[in-house]
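**Q** Below are the structure tokens for one structure; questions will follow.
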Amino acid sequence: MSNTTATQKTRATAHRGDSSKHLENTLAAIASAIDAGADLVEVDVRVTKDGQVILLHDASLLRIWDLDADAADVDYDRIKQLGAGEERIPLLSEALELFSGSPSTLLIDMDEPGPAEAAAAVVRGSGIEVAWCGNLDGMRIIRALDPDARIWLPWNKRIAPPEELLAELNPEFVNSEHVVLSKDFVDQIHAAGAKVACWTIDDLETMRWALGLGVDSITSNQLDLLQSAIAEDPQAWASAQAPGGLAGDEVLESRRVALELAEWAVGYMRDADRGMVSTKAHPGDLVTEVDVAVERHVREVIAARLPGHTVVGEEMGGVAVPGEPCWYLDPVDGTTNYVNQIPWTAFSLALAVDRKPAVAVVADPWRGEIFEGWAGHGAWLNGKPLSLAPVPTADLAGTVVATELAGHLPWPGMLELLAELGARHSIMRIMGSATMTVVGVAAGRGAGAIIGSFSPIDHLAATLIVQEAGGAVVNSEGETDTFPEQGGILAARPEYAAELYELWSHADAS
């Protein structure tokens, strides 16, 4: 792979000024970035209660300036008293003065359209040329105000923006969170006549990877490191690995899509005609027309709403691609129950990148229950947070521990585990849906669940939800792991996890 063009090296954009050396969005940070030779210096703008345009990232003044109020609710006379010397909140007009006669360009970012008109007026009065990025509607306002404005189009999808959007805004750059980039994406943007910018990269490996793709600008908090990476021989970029992961906007859209699909599945699975029933691997391995119809619908929605995402499904297969988002789907978990009119089945859908789960839903159509998990943020049941409360005693007597057959037969060690639980007066249950068996732990239903062989199609959504609800999820080696590469899985209330794992491991070894 080569650099962007023969005449223009990749630009270094300093994020909120030289923010590794000075407080972000201050005059000191901006001046330091200019002195260091940053091609662009990105800052964030807000508008105060009395209409002054200031440099501030958060809507609130609390994080940095220790004032529990939004800038929009405070007059500038109060705001200018915060901080001291150069470590204060400057006006946009003050920042613009630093760029007079400078080769660096100010890049003005806004996360909502509110500041657009006021900021454009300040820039127009300064006579300084700037570039603009951030909120899409804000960019539309800037374009309407100035047909020649240098606009960076915000775009966080894994495919190029549509031609009509490019024609509408005529952007100089398409600006994306770096995790959505690929060589094909960069090539598509270049073919459309625009440049590619990405944000925010602070480690050398990812900088090299982006440079190898041929991006035209990289935004970073580590300006010195970025400039050194840009100055390297391009051969240094060739072996850099893609970072993987999901963009912030992408995660939010994925959650919306997953919940919408779960809600749709509840109604469809409950009311649909099961249609013709056929078999797969053996006479007990059933599939209905509903299984296929649900999977087909999910694939169509994901393809339309989340282009670039892969689906691995129970009925139509698929293969995960390293570094790319992959959805694991079981349209009807517990098909045998479904065929036999037993109301204990589930819809299971989970998103992961490189075995790191991000978003999950499980829907029980018969109870109208939708479980949701969001990695690092929690779990919910019908919109109410799930959090496993401590139990008064960790004695297994009188508890229920769930499992599932391996298809239609016991898994190795299952009968031995049954005997060990029985000796402790704990009851094993086999209900016929592995997804329901595991996810129930998140709602405190039973002491735990043990599955002999993990499959992300059947279990990943449930294991993420249990973990986010405060449960313990461990693999066959006893390690915390929601997505094991091999072996089985244990999901349990924390108080029971150690003892259940000991019983499981002894039974498995016998």
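**Q** Distance between Cα centroids, segment 9-78 to segment 189-256: provide it in whole Å.
**A** Cα centroid to Cα centroid, the span is 23 Å.
**Q** Hey, what number do you get for the chain at 222 nm if only DSSP H runs of n ≥ 4 count, each worth -39500 (n - 2.57), divided across all residues, to the nearest 500?
**A** Helix contribution divided over all residues of the chain: -9500 deg cm²/dmol.
**Q** Binning at 5 angstrom from zero up to the longest distance, how are the C-alpha pair distances of segment 451-500 distributed in percent?
**A** Cα pair-distance distribution for segment 451-500, in percent: 5, 26, 36, 24, 9, 1.
**Q** Moving on. Neighbouring Cβ atoms within 10 Å as the yardstick, rank MET316, MET436, MET269 fewest first.
**A** Least crowded to most crowded, the residues run MET316, MET269, MET436.
**Q** Principal axis extents for segment 187-323, Cα atoms only, whole Å, descending order, please.
**A** 64, 30, 28
**Q** Using only Cα atoms, what is the ratio of the radius of gyration of segment 26-158 to 2.2 N^0.38 Å?
**A** My calculation over the Cα atoms of segment 26-158 gives 1.02.
**Q** With N set to the number of residues, divide the alpha-carbon radius of gyration of the chain by 2.2 N^0.38 Å and report two decimals.
**A** Expressed relative to 2.2 N^0.38 Å, the Cα Rg reads 1.16.
**Q** If you don't mind, there's one more thing I want to ask. Only bridges whose two residues both fall in the chain count here: according to DSSP, what percent of them are antiparallel, nearest 5?
**A** Of those bridges, close to 55 percent are antiparallel.
**Q** Enumerate the lysines that LYS9 could reach by cross-link, defined here as Cα to Cα under 24 Å, with residues fewer than 8 away along the same chain left out.
**A** Leaving aside lysines fewer than 8 places away in the same chain, those within reach of LYS9 are LYS183, LYS195.
**Q** In addition: Taking Rh as the Kirkwood radius computed over C-alpha pairs, what is the Stokes-Einstein D of segment 11-237 at 20 °C in a medium of viscosity 1.002 mPa s, expressed in µm² per second? Before the final figure, lay out the partial values.
**A** Values: Rh = 17.9 Å.
It comes out at roughly 120 µm²/s.
**Q** Please give the Cα centre distance for segment 306-329 versus segment 104-165, rounded to the nearest Å.
**A** So the separation of the two Cα centres works out to 35 Å.
**Q** A further question on this structure: DSSP loop GluC sites (Glu not before Pro) in segment 399-500 with at most 12 other Cβ atoms within 10 Å of their Cβ, which ones?
**A** Of the GluC sites (Glu not before Pro), the ones in loops of segment 399-500 whose Cβ has at most 12 other Cβ atoms within 10 Å are GLU477, GLU479, GLU485.
**Q** Where the centre of each part is set by its Cα atoms, how far does segment 386-418 sit from segment 466-490, in angstrom?
**A** The distance from the Cα centre of segment 386-418 to that of segment 466-490 comes to 14 Å.
**Q** Please state, to two decimals, what the Cα-based radius of gyration of segment 248-509 comes to when divided by 2.2 N^0.38 Å (N = residues). Spell out each step's value before the answer.
**A** Values: Rg = 17.4 Å, N = 262, 2.2 N^0.38 = 18.3 Å.
The value comes to 0.95.
**Q** Just add up the charged neighbours of VAL391: K/R +1, D/E -1, any other residue whose Cβ is under 14 Å from the Cβ of VAL391.
**A** -1
Here, each number is a calculation from the coordinates, and none is a lab measurement. The structure displayed is predicted, hence computed values, not measured ones. Cβ: placed from backbone, ideal geometry, glycine included. Neighbour counts: every protein chain shown.
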